[in-house]
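Notes follow once the structure below has been shown.
The values are calculated or read from the model by the stated rules, or taken from the named source; none is laboratory data. Given the structure is predicted, the values throughout are model-derived calculations rather than measurements. No Cβ is skipped: glycine too gets one built from the backbone with ideal geometry, and neighbour counts run over all protein chains shown. The accessibility values were calculated without ligands, DNA or RNA, using every heavy atom of the protein model including side chains. Shrake-Rupley method; radii C 1.70, N 1.55, O 1.52, S 1.80 Å.
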Amino acid sequence: MSAFTWQKSSYCGEGNNCLNLAAFPDHTIRIRESAAPHTVVTTTRPQLSYLIGAIKRGTLSSASDSRT
C-alpha cells in the first residue's frame, strides 16, 4: 500500500495520532491512523461522505444504542 500517496489530515499538526487517507484505483478510499499504519479501513467516497456528514450533524449513535 505504500506505493500510493497517503494524505495527512490538516487537523493533525505535528502529533503522531493523525488520520491518513489514500484514494485507490478501484475507487475505494483507505483510511489509517499514523500510530497504527498497518491497520487500514477501506470505504467508498459516498460512505465516507455520509460518515463525515453525520459527524458534522451530530447524528451518530453509539454501538450501545438499541436502534433496529
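Return the pairs, sorted by first residue and then second, in which the second residue is modelled with pLDDT of 80 or more and of a type in the set (S, T, N, Q), the first residue lies in the stretch 5-16 and is assigned to a loop (DSSP other than H, G, I, E, B), the beta carbons are less than 8 Å apart, and the residues are 6+ apart or on different chains.
6/20; 9/20; 12/34; 16/34
All but one of (1) surrounded by fewer than 10 Cβ atoms within 10 Å (Cβ to Cβ); (2) at pLDDT below 90 hold for residue 58; state the number of the condition that does not hold.
All conditions pass for residue 58, except number (2).
So residue 65 clears everything in (1) open to solvent by 40 Å² or more (accessible area, probe 1.4 Å); (2) modelled with pLDDT of 80 or more; (3) not aliphatic (A, V, I, L, M) except one condition, right? Which one?
The failed condition is (2).
What single numbered condition from (1) open to solvent by less than 60 Å² (accessible area, probe 1.4 Å); (2) of a type in the set (Gly, Ala, Ser); (3) out of contact with any strand residue (DSSP E or B) (no Cβ under 6 Å at 6 or more places or on another chain); (4) modelled with pLDDT of 90 or more fails to hold for residue 22?
(3)
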